[in-house]
Amino acid sequence: MTYDLTSKTRITLIAGMLVGLLCLAFVWMGDDSFHTRFWGNILHNATFFTGIGLMAAFFMSVSITAWAGWYVAFKRVWEAMSLFLIVGCVLILILGLATFFDLHHLYHWNMEGIAEVGNPNYDRIIAGKAGFLNKGVYLIGSMVLMAIWTFIVIRIRALSIAEEKHGSLNDFSYHYSMRKYAAAFLPLAGFGSAFVVWQWIMSIDAHWYSTMFAWYTGASWFVSMIALTIMILLFLKSQGFYQNVSVEHFHDLGKFLFAFSIFWTYVWFSQYMLIWYANVGEETIYFRERVDNYPALFWINILINFIAPFFILMRNDTKRKMGSLGFVAGLVLVGHWIDFFLMIRPGIRHTAHEALGHGHGHGDAHGGHGHEAAHDVAHGAGHGAHEAAHEVAHHASGLPFELGFTFPGILEFGTFIGFLCLFLYFVLNRVASASLSSDTDPYIQESIHHHT
Amino acid sequence: MSAHISDIREPLINGHKSYHDITEDLVSPTERAPGFGWTVGFILSLTMLAFGLFCIAWTVWHGIGTWNLNRTIGWGWDITNFVWWIGIGHAGTLISAILLLFRQKWRTGVNRAAEAMTIFAVICAALFPGIHVGRAWVVFYFFPYPNTRGPLWPNFNSPLLWDLFAISTYFTVSLLFWYTGLVPDFATVRDRAKGLRRKIYNFLSFGWTGSAKHWQRWESLSLILAGIATPLVLSVHTIVSFDFATSVIPGWHTTIFPPYFVAGAIFSGFAMVLTLMIVTRKLLGLEDYITIAHVESMNKVIVVTGTIVGVAYLTELFIAWYSGYVYEQFAFFNRAVGPYWWSYFGMMFCNVISPQIFWSRKMRRNIAVTFFVSIVINIGMWFERFVIIATTLARDYVPSSWSYYSPTWVEMGIFIGTMGLFMTLYLLFTRVAPVVAIAEVKSILKTAGDQYTGPNKLHHGHGHDDHHSVPAGHGHDSHRGDHLKVVSSNVAAASMAETHEADSSVATTKNDLTKIEGIGPKVAGLLNDANIYSFNQLADTPVSRLSEILAAAGPRYKMQVPESWPEQAGLARDGKWDELEDLQDRLDGGKYV
Amino acid sequence: MAHTKDIVYGLYNDEEDLLRAVKKANEDHLEIMDVYTPFPVHGLDPLIGLSESRLHIAGFIYGAIGTLTAFGGMSWIFTRDWPQIFGGKPHWPVPAFIPITFELTVLFASIGMVVTFYVINGLGPGVVNPTIDLRITDDKFCIAFDKSEVNAGKAESFLRSSGASEVHSKTI
């Protein structure tokens, strides 16, 4: 059976993408001179959705290597989602080139002269990281990894299609080849995901570091991927496809949504608690900033991504009812998008603020917040004091409420819709390009008769 | 449980077992007199334990001064061993809980022994902090209880106290989980026993009857306990890692510690399970239940967790540089090239590099290699804890208090003692309880046993017809896939079964035809249906006849080329396994190249 | 046991024979006293009218008691009974309470459920239940009828006709 991307769906999704474009255009127009909000939206959504594609590929590879059979009935959906890495390549290329050619000021470390002794922008801490945090590594490192991942994903997909066309139930050769690619993908994704998370996201708060951060972001991507899988399957089922994907499969997906929401919370708590407990200034600043200046988002994050899925999905029946499962899936998808918002926006806002401050001379852009004094002190004193003063100036005092930074505005949600529709359009298009399930996958019978 | 099992899966129970065979194989080790190997092992373990007890007594009598700890190095072998043992314990709960939730059937072969290991390892681990507090006789001060000192409560902010709660909870829950699983199996032992033995096992089995309602609740309980044991097992090593990571010691205070400790614990736990199970399966003759497929699955877990640990090591190293924090950078520099470089090297080599050998399927399925690597990993994981604890403490913020730590004979003696304790308990366990979960293995026999190649293939004899129009008996005894033995037909059943006594296939030898390259369980089933059961029969069957059989089975099997099967079967019949392997290396899916 | 029961029971050699027989008994409106098996047989529970176990609900309640005990206890101790400051942490350091709260939740839930399990099943150390057949814990699947509930002759002929390999009567 083959899914047919109807023109109605197509038009809806294209309309969604246009809404996204329109929102981006509006953001561009009302933006600061670096278009920080615009690029912030691009960075936020590009990394969020590319990561979802990566996690689909990762989980598919885990399932193949772990001899899992239950998911095979809808494996095409994961294949299609993992193929989003192709679009991801383009998105990351845009980001990388923009970073390379200084089209935005999202990254503190990308500021001119930041690693040059004597330059007014010189920052001793960031200069120490310059071997890793620089335009070249950002662009080339990310693209090389993306290319390798995309290659493997395309190969797995091609083998899966070939298995269906030329294989038979008793011929495991395609599956064995897929297993090789899947096994190779695991360490590549394991090491590589840490690299991209550090580059794309952790480096926004360039002074700050946390060894847990890559796994934390990975957990966030993973939960979002499961949520989106549930939603895509529900949509396809509502269109009359995937009749063999039963409540049992949804039950399992629900279990994963539940379990990994708890895992995300575990990672969140461990990171937060250890930093809170040790109380080292360089580390606590990250949470201090978010608890003080983003309290609503900070707690919404926990509420949506832990409390809601935990209490709603604790029971078995809520994992088996499409209404409650779909609701939680939608909720946590937005929840983790907000999680990403909270990871990204405070840092880029400060970076832009500082860049504007330097670009427009002192005091122009931010009168009356006590910044001038701090800056003046900073410039008068040595480097150590310079950094300390920066921390004071940029974190503790708090910047005023600003839509799109302090809280996602309507335009941010619009951009999110746009990217989501892009993701769905691409994925559904890929789903439509092959039959919905393969009759020759060795595990297909197990999957169809799957029983939790 | 799905009755549709993919042909790609390897059987997890070999030897064409019937339910009775399983009982027989798994209970009999507890009924036999202990063998020579067991006795030697037990005496050795007891000796080690006795020496350990002596060292503990020595420590308690003379005080902690008998250890080489000093002002900067407050934790040495004691806490290294504590973390090492706790880590080893983790595989038990992981196998029982997480693999149960992930429906990995291979866990049934090893879960019982692994859970026992958990309990014994936790006992060994708990000894160390208990002795290390110095006044071991007032160790109960740890617990919050209304007392005459105020009441003065323990410090609930302290990770060391969290650890006390975590480990007590972990021990209790593991014990309950393990024992509840054992109850039905103790009943099986009881029902075969006589006299005093029967009384003892009746006591142990809590009066289990096998009633359907009991089974239903038992399953429900197992599932929920598994569900809550999963976060529990994560929490335990997480809290152990908090002991270090909440501090501000460079090299300890790092946020990745919780999941990295958990991954390391799983890693070392699986290594220990492999070490023990490879010996156990050999000594107790359990090769049919703990198969190469089990070993391979565990080796996969080893390579995955080993690599995760590798990611964590490199993350730490990288972020130490990235942080720009000189003390952190020094801590890692010191670990790698300082006076304890050998332990850092040992850790990296044993934990990250050595398991990579398991990317090769041949190595994963090689028992000797697996055994060797599992021991290397056990050592490596000990090094990891030593690196984290002693290496880091030996050079703290103040260079004037730097020193080099090496253990005294007392510290080593206590460690040896815990190994003795662990082995003593484990050896006793293999005598008292079935080391493989009987009921659970029975429940997967039809889906994962080697004779069942489809929906009750051999049980129903002819095809997949589930509907029996002739209800009377239908000779199930002789059909239970057990073609090697004549099943002791029950008297009352004899008359009903007689219609099938004539079944010619019953008496013939049956070989595992899937040993032949190109023959999977499905095809083996087809051949069996065509009255080909043994290598001998297959060797004598012309290729044209084989092609006919395959053609008759439908289009699915047209890919199969049986041209080399008789030749292979001939070699197998004559026991020329090496030659067969050579031949198979040259073949491509059973085809001549 | 205070009172004895006269039962008639049949032993089956395979769980599928058992399942078929149970279905047939339902069709014949024969009330089964109990079914005994060497391992949990899937699909059996609904056939003999067992409602889903509610053990998990009990577990949730025990767990909640554990949560409240731990969190409430620590909060009371640190804010009311004996307030102290450790390492500059506030009197009510919520993140520091979470590990112990979690552990006690799990501990209470597990102990509670296991004890409940043994109590409601009437199992425990020293309990001696009558043995119907020693092979039930080995490889036989048993359907038992209480002679006071069903006609013994009818039950016996049912057992024989539904594929039981042995049929016996016994007083337990």
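Tabulated data
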item	result
Cβ-derived FRET efficiency at R0 35 Å, residue C:69 paired with residue A:235, nearest 0.05	0.20
Proximal lysines relative to residue C:24, as straight alpha-carbon distance under 17 Å, when same-chain residues fewer than 8 apart are discounted	C:154
Residue A:10 paired with residue A:299, simple spin-label distance in nm, labels 7 Å along Cα-to-beta-carbon	4.8 nm
Antiparallel DSSP beta bridges within the protein assembly as shown, percent to nearest 5	90 percent
Pairwise label distance in nanometres, residue B:369 with residue C:127, each label 7 Å out on the Cα-Cβ vector	5.0 nm
Cα-based reach from residue A:165 at 17 Å (exclusive), listing lysines while leaving out same-chain residues under 8 positions away	A:75, B:558
Label point distance in nm, residue A:119-residue B:419, each placed 7 Å from Cα along Cα→Cβ	5.7 nm
Cα extents of chain B along the three principal axes, largest first (Å)	87, 61, 41
Cross-link partners of residue B:300 among aspartates and glutamates (Cα-Cα below 17 Å; sequence separation of 8 or more within a chain)	B:10
Radius ratio Rg over Rh of the range A:1-154, counting only Cα atoms, Kirkwood formula for Rh	1.08
Rg/Rg_ref, the range C:55-121, where Rg_ref = 2.2 N^0.38 Å and atoms are Cα	1.36
Test item: B:396-408 mean partner chain Cβ contacts at 10 Å	0
Per-selection Kirkwood Rh - the range B:54-164 (Cα, Å, 1 d.p.)	16.5 Å
Calculated [θ] (222 nm, deg cm²/dmol) that DSSP helices of n ≥ 4 give over chain A, each run adding -39,500 (n - 2.57)	-23500 deg cm²/dmol
Full-extension gain in nm, residue B:47 to residue B:71, via 0.36 nm per residue minus C-alpha separation	5.3 nm
Shielding by partners, peptide A:404-416 (average Cβ within 10 angstrom, other chains)	0
Most to least packed among A:273-284, A:24-35 [average Cβ atoms within 10 Å]	A:273-284, A:24-35
DSSP loop GluC sites (Glu not before Pro) with at most 16 other Cβ within 10 Å excluded, longest remaining stretch of chain B	B:1-286
Cβ-derived FRET efficiency at R0 30 Å, residue C:42 paired with residue C:154, nearest 0.05	0.55
Partner chain coverage, peptide C:104-117 - average Cβ within 10 angstrom	6
Too-long pairs where the Cα-Cα distance tops 19 Å, listed order kept, from A:8/A:237; B:199/C:170; A:255/B:442; A:321/B:105	B:199/C:170; A:255/B:442; A:321/B:105
Viscosity 1.002 mPa s, temperature 20 °C, Stokes-Einstein D of the range B:326-419 from Kirkwood C-alpha radius, µm²/s	142 µm²/s
Other-chain or far-sequence residues with amide H under 5 Å of residue C:12's (modelled H)	C:141, C:142, C:143, C:165
Alpha carbon centroid spacing (whole Å) that separates the range A:208-256 from the range B:405-433	45 Å
Cβ-placed point charges (K, R +1; D, E -1), dipole of the protein assembly as shown about Cα centre in debye, nearest 20	1100 debye
Length added when fully stretched, residue C:29-residue C:169, from 0.36 nm per residue minus Cα-Cα	48.4 nm
Those residues of the range B:255-270 whose amide nitrogen sits under 20 Å from the label point placed on residue A:62, 7 Å along Cα→Cβ	B:256-270
Mean projected area (nm²) of the alpha-carbon convex hull when the range B:513-586 is viewed from all directions	4.3 nm²
Rounded FRET efficiency, nearest 0.05, which uses the C-beta distance separating residue B:248 from residue B:31 and R0 of 35 Å	0.05
Cα-derived Rg over Rh, computed across the protein assembly as shown with Rh taken as Kirkwood radius	0.98
Chain B - mean residue ellipticity at 222 nm from DSSP helices (-39,500 (n - 2.57) per run, n ≥ 4, rounded to 500)	-19500 deg cm²/dmol
Sum of -39500 (n - 2.57) over DSSP H runs of 4+, divided by residues of chain C (222 nm, nearest 500)	-14500 deg cm²/dmol
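Taken together, the values in this text are just the output of simple stated rules run on the coordinates, not laboratory data. Predicted model only: the values in this text are computed from it and were never measured. No Cβ is skipped: glycine too gets one built from the backbone with ideal geometry, and neighbour counts run over all protein chains shown.
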